[in-house]
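Q: Input: one structure, supplied below.
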Amino acid sequence: MKGIIVQCLKETVLSKIGIKIWEKSLVEAGFKAGTIFSPASNIDDEVFKTLIRSLCKNLNTNCEKLTEEFGDHWVNDFSQKMYSHLYLKHKKTKDFLLDMDHIHVATTRNIENAHPPRFEYKWKDDHTLIMHYRSHRGLLNILIGLVKGVGKYYNEELTVEQQGSDKIEIIFKEKQNFNANDTAKISCVK
């Protein structure tokens, strides 16, 4: 896990609650109070998960709520500072989501030891997309939060539901027309 994710998590918590809960959770996860994370630093995945659990306990919330808030903050605030051009090149949620695998590859290409999740896509019907999550981290809840954040960014109503441990189902409320051109956007990891 890269430090930039922890930076965003910190911003998410600070925007809602304040520094005391963040610092307490940091210490409980094994960090020193006041730890600053550089964007490219490597954070052990299990330590990151411990931090999430500690934050949930100290915020008296569940993982789904926290990761949804993280996803919303990442998409609509944090990433806009660096990656707004990636959102502006798309007109709809569907188009951005179908490009997420490519976006992850392109934005982490020059970052040492970056192992972003990869995605595969399959249309269940013309308004339901199944998005497969390929990562050893097991952080599907974060993907759910990010997808909901993307829907909010494009001001589109959608439903996101977990389907097992490695995929989500996204139902677009407005009927999405799937056509042959979309096939070129769909990348599959072998």
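The values are calculated or read from the model by the stated rules, or taken from the named source; none is laboratory data. Only a predicted model underlies this, so the values are computations on that prediction, with no experimental measurement involved. Neighbour counts run over all protein chains shown; Cβ positions are idealised from the backbone, glycine included.
Q: Working only within segment 73-113, note down all residues that are among the charged types (D, E, K, R), at pLDDT below 95 and crowded, with 16+ Cβ neighbours inside 10 Å.
A: Asp101
Q: What is the residue count in segment 101-129 for residues that are free of Cβ contacts under 8 Å to residues at least 40 places away in the same chain and among the aliphatic types (A, V, I, L, M)?
A: 3
Q: Also, quick follow-up: Do you know which residues across segment 57-98 are within 15 Å of the chain's Cα centre (by Cα), under 24 Å from Leu129 (Cα atoms) and acidic (Asp, Glu)?
A: Glu64, Glu68, Glu69, Asp72
Q: Select the helices (runs of 4 or more DSSP H) contained entirely in segment 36-152, then report the ones holding at least 3 residues which are more than 17 Å from Val13 (Cβ to Cβ).
A: 80-88, 93-108
Q: Mind listing whichever residues of segment 3-35 are under 19 Å from Glu69 (Cα atoms) and in contact with a Ser or Thr (Cβ under 7 Å, 6 or more places away or on another chain)?
A: Answer for segment 3-35, where residues must be under 19 Å from Glu69 (Cα atoms) and in contact with a Ser or Thr (Cβ under 7 Å, 6 or more places away or on another chain): Gly3, Ser25, Leu26.
Q: Let me ask you something else. State which residue is nearest to the chain's Cα centre (by Cα) when the search covers only segment 17-56 and only residues that are basic (Lys, Arg) and surrounded by 13 or more Cβ atoms within 10 Å (Cβ to Cβ).
A: Ranking the qualifying residues of segment 17-56, first place goes to Lys49.
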